[in-house]
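S.K.: Got a structure here, written out as structure tokens. Questions coming.
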Amino acid sequence: MLSALKKLVGSDQAPVRDKNIPAGLQSMNQALQRRFAKGVQYNMKIVIRGDRNTGKTTLWHRLQGKKFIEEYIPTQEIQVTSIHWNYKTTDDIVKVEVWDVVDKGKCKKRGDGLKLENDPQEAESEMALDAEFLDVYKNCNGVVMMFDITKQWTFNYILRELPKVPTHVPVCVLGNYRDMGEHRVILPGDVRDLIDNLNRPPGSSYFRYAESSMKNSFGLKYLHKFFNIPFLQLQRETLLRQLETNQLDIDATLEELSVQQETEDQNYELYV
């Protein structure tokens with residue numbers, strides 16, 4: 001299990017940047033590592049979900065500033081990277097952990113070398129990092145739920161999985177492959193009807209819908225701005241915790257003052 005969890009580490013190599021990627025998104029290269037080493041104000045976790053071949057991994061690469069790759073290579077297990085993201089013009093250092101989630105990964109057999117004897121342990125498969133193995137919503141601050149606007153079954157995934165997102169987590173539903181709009185079978189109204197008809201309790205977080213094309217970076221600026229919502233929620237939670245701590249400190253100080261009032265230090269006759 002430990003060997004599997006150690007795989008949740010992003011690449012340290014600096015990517016080739018696409019000029020269409022919003023400037024606030026950068027991969028965790030060595031310069032960012034040095035900056036993070038000086039202290040991070042906020043750690044934010046964003047989860048990308050969707051059916052196979054909806055563009056999750058391509059978005060994951062795009063958020064790192066990498067160029068579009070036409071070839072489709074199925075992702076076998078969850079992969080995670082860290083990027084630096086800015087809220088508007090603030091100086092806050094925000095480390096964003098982006099998860100490219102695979103619902104059911106492909107297990108790998110241990111030991112690819114020459115098999116000299118029939119060892120049953122060699123036949124064991126290494127557990128794949130997938131949504132069945134990990135609770136991907138644990139400590140999650142935001143979700144990007146992707147589907148292909150030209151494939152009905154990828155929208156069925158949204159119908160099935162969207163209600164499972166914790167109610168406190170904001171979600172951006174992303175209709176991908178907008179550059180293939182002439183073949184679309186899912187209309188924007190279909191998605192908005194789904195969102196409007198979700199039975200969410202009062203106080204639930206926000207749902208937004210947008211469309212995208214990983215091929216030409218359409219929609220990435222919208223997604224960059226959507227990240228403001230999970231960040232502001234995280235910031236508010238942090239401030240509320242600080243206020244609670246502040247009140248506890250005030251109460252403790254008042255108690256200390258009450259106790260000290262009865263000590264010899266506060267007796268003037270003894271003081272002089």
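The values are calculated or read from the model by the stated rules, or taken from the named source; none is laboratory data. Nothing here was measured: the structure is a model prediction, and the numbers come from that model. Virtual Cβ from ideal backbone geometry, glycine too; neighbours counted across all protein chains shown.
S.K.: List the residue pairs whose Cβ atoms are under 6 Å apart, where the first residue sits in region 148-169 and is closer than 13 Å to G50 by Cα, the second is of a type in the set (D, E) and crowded, with 17+ Cβ neighbours inside 10 Å, and the two are 6 or more positions apart or on different chains.
M.R.: Once the first residue is closer than 13 Å to G50 by Cα and sits in region 148-169, its partners that are of a type in the set (D, E) and crowded, with 17+ Cβ neighbours inside 10 Å give T154/D51; T154/D148; Y157/D51.
S.K.: Additional query: Tell me yes or no: at least one residue of region 201-209 is closer than 18 Å to V96 by Cβ, touching a Cys at 6+ places or on another chain (Cβ under 8 Å) and surrounded by 12 or more Cβ atoms within 10 Å (Cβ to Cβ).
M.R.: Yes, because at least one residue in region 201-209 is closer than 18 Å to V96 by Cβ, touching a Cys at 6+ places or on another chain (Cβ under 8 Å) and surrounded by 12 or more Cβ atoms within 10 Å (Cβ to Cβ).
S.K.: Scan region 175-198 and report the pairs whose first residue is without any contact (Cβ under 8 Å) to a residue 60 or more places away in the chain and whose second residue is surrounded by 14 or more Cβ atoms within 10 Å (Cβ to Cβ) and acidic (D, E), with Cβ atoms within less than 6 Å and a gap of 6+ or a chain change.
M.R.: G175/E211; R178/E211
S.K.: I would also like to ask the following. Just wondering, is there one or more residues in region 168-182 that are in a helix (DSSP H, G or I) and surrounded by 16 or more Cβ atoms within 10 Å (Cβ to Cβ)?
M.R.: Yes; the residues of region 168-182 include at least one that is in a helix (DSSP H, G or I) and surrounded by 16 or more Cβ atoms within 10 Å (Cβ to Cβ).
S.K.: Right, here's the next one. Need a quick list: helices (runs of 4 or more DSSP H) entirely within region 194-272 having at least 1 residues that are of a type in the set (V, I, T) and at pLDDT below 95.
M.R.: Output list reads 228-261.
S.K.: Name the residues in region 53-100 that are among the acidic types (D, E) and touching an Asp or Glu at 6+ places or on another chain (Cβ under 8 Å), would you?
M.R.: Scanning region 53-100 gives a single hit, E77.
S.K.: Could you please tell me which pairs satisfy a Cβ distance under 9 Å, a separation of 6+ or placement on different chains, a first residue in region 240-267 that is exposed (fewer than 10 other Cβ atoms within 10 Å of the Cβ), and a second residue that is part of a helix (DSSP H, G or I) and of a type in the set (F, W, Y)?
M.R.: Qualifying pairs under 9 Å: E264/Y271; D265/Y271.
S.K.: Going by what's in this entry, would V191 be described as more than 18 Å from K225 (Cβ to Cβ), β-branched (V, I, T) and not in a loop (DSSP other than H, G, I, E, B)?
M.R.: Considered against the rule, which asks whether it is more than 18 Å from K225 (Cβ to Cβ), β-branched (V, I, T) and not in a loop (DSSP other than H, G, I, E, B), V191 comes out as yes.
S.K.: Sticking with this structure for a sec: Would you tally the residues in region 121-154 being assigned to a strand (DSSP E or B) and at pLDDT 90 or above?
M.R.: Going through region 121-154 one residue at a time, the tally reaches 7.
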